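Here's the structure we're looking at; comments come further down.
The values are calculated or read from the model by the stated rules, or taken from the named source; none is laboratory data. All of these numbers come straight from a predicted model, not from anything done at the bench. So basically every Cβ, Gly included, is an ideal-geometry build from the backbone, and we count neighbours across all protein chains shown. Side chains are part of the model used for accessible areas, which takes the heavy atoms of the whole protein and leaves out ligands, DNA and RNA. Shrake-Rupley method; radii C 1.70, N 1.55, O 1.52, S 1.80 Å.
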Amino acid sequence: MARRWSSTKCRNSVRTAIASACCRDWRLAGIRGWTAATPTAPRVPSRCWTCMVAPGPARRRCGLPTRRQPRCCRRDGRVPGAAFGGGRRFPARGVDMNSSPREVGAAGESAPRRQTSMATHYLRYSTTNILVLLAGFVSFPILTRLLDNHQYGILGYYDTWGMIAIAVAKLGSQHAIIRFYPYVGVRREMVSFGTNLVVLPMLLSMLLWAVFAASLFGYARVSGVEFLLVLWCVVIITPVQVVNSMIQMVVRASERSDIIMATRIIGRWLELGLVLGAVVFLQRSALAVYGGKIVAAVLLLCYFVHWARRNLHFSRDAVDFTHMRQGMSYGLPLMANEMVALVLVAVDRIMLKQMTGDFAAVGIYTIGYSLATQINVFLNASLSEAFAPVVNRVYDSGGDVAVRALKDRVLLPMTYASFAIATMLILVGEDAMIALAGPDKAASGAVFVVVGTTLALFPLINISSYGLLLRKRSMMVFSITAFAAAFNVAINLVLIPRYGYMGAAWSTAASYAVLCVACYLWCPRGLARFPDLRTVALSTGSALALFAVARGTDMFGVHAPWPRLFAAGCLFVLLYALPIWLLDPRLRVALRQWRKGAA
């Protein structure tokens, strides 16, 4: 018999539907309160947040599985076998995956979540990366003192192969997740997205990994080659990191920077504790480092699987290989772009090992490069994580004009930060390396200065010329990065035999310069936006004044690393930070607006 839920008794009810034979035990939903039928409105059961399953005919309209099931209305609102992890709550049409039951209205639409501002995203990502950076500064001095250059070289060498393996196994799905995430939040689109752009590519990635691992194991057994245990650690951790990355991209695309913030901070510090514990108490080797990494990655995977079971929509009836191919056609060129980007940033270690045959040289280069990437984590990674989802949304809603306005707001503080970091690295970068890693790692200081300065200035051009991905010209991005990577390999062949690890550092700087020029030349018209002349002039003038005084006084004759860093910090505040703060009121206004938006 058809009945209707009372909207006054069940504030979560969202859509009426016709009862069918497969939904007889709808009373398991536990909702009470009935209203009498009117002559024109028969009493039919409504589909509420608790039940989450529409009766038969309505399921065809809303995109849920159409096949009948004996108990489609469970008390917990799960559809058996219809979702990721064996049963899934499906929100109503238009309900955002992050909405709570109280946000659901009577018409089946969720109250739209308040869009998180760019300032809030950047504040969260910056805070995250500061704490991740702090973890790096805690682990870096300890590991560089516990591991010699040879062990650090092994770690850096196999880390490179691990990054390449993870990039291949993801098949570019992380890029498709960011670009094709259904920001409108319609249920049918969310189910199709989770099925075809997340779960199916994830299963394909696991299949490829299994084939590769079996082939490698078979080759080792047949040929009698004994690989280092570190290599097998890389094989084990690869699928865990792939799944973590893909689910994390879904969280990031939904603009839940709060979740990203919590998981990255907890995951990094958990990994830090496990790695240091393994190195200190078990063995001072790269193998112990990887043991701690594997345990931390598995624990983080447990949380992401739990989050996916609650938020990642999947249905066998929503499988659409055309949709999957569409995502892969966008993501695979970017996967190839990621591969060539890895060649750009990490092939130096492989070439150093092959051309010198010395893990110690790889270790010297890796130590300097690792400290330089901490700058990239703070400056570039945090901004990219906040900028990418927001610029896609802004471009879809406001076009080129809105993107240029967003770039203006971002480039103002970034220009001052990039010039400040580059200047300080040139002045006291080698002192910082000695202070953190010890005198026996002083050879890595020059690598840190060259690579760190390059990575500090690169985000300016990267953000200024961002636009090819907005126009979905991923093949052009791939071509540009491939050219820069090929240039890096070619110049390494010339410089490494002559200058060793410093030749690799200078080739990295030259390759990034070529990449910046190419990005600017091929940026779509109307999307390129560089810092204004006033900002560039003020930052350059302040940097030159700081450099002249510091070099002219030789840091007031101080020679010990920590006192030199303290003296450089005082000069930085007096000659760079304070003049810019006083002479550019736009920066003060921008920071107040960002702080207000973050609040």
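Values for this structure:
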item	result
Ranking by accessible area, most exposed first, for Met249, Met555 with a 1.4 Å probe	Met249, Met555
Ranking by accessible area, most exposed first, for Cys516, Cys570 with a 1.4 Å probe	Cys570, Cys516
Dimensionless Rg over Rh [region 118-345; C-alpha; Kirkwood]	0.99
Relative packing of peptides 276-284, 443-451 - highest average C-beta neighbours within 10 Å first	443-451, 276-284
Global geometry of region 148-190, whether rounded, prolate or oblate, following the gyration tensor of its Cα atoms and the 1.5 cut on a/c	prolate
Estimated FRET transfer efficiency when R0 is 56 angstrom, pair Phe556-Phe217 (beta carbons, to 0.05)	0.35
At q = 0.19 Å⁻¹, base-10 log of I(q)/I(0) for region 174-276 (Debye sum, equal scatterers on each alpha carbon)	-1.01
Most to least packed among 224-237, 191-204, 485-498 [average Cβ atoms within 10 Å]	191-204, 485-498, 224-237
Surface accessible to a 1.4 Å probe, Ile266 within the full protein complex, Å²	110
Accessible-area order (highest first, 1.4 angstrom probe) of the listed residues Arg586, Arg534	Arg534, Arg586
Förster radius 30 Å - calculated FRET efficiency between Arg145 and Val573, Cβ distance, rounded to 0.05	0.50
Cα gyration tensor, region 230-291 - rounded (a/c under 1.5), prolate or oblate	oblate
Residue-level accessible surface for Leu299, protein heavy atoms, 1.4 Å, Å²	90
Alpha carbon centroid spacing (whole Å) that separates region 231-304 from region 127-166	13
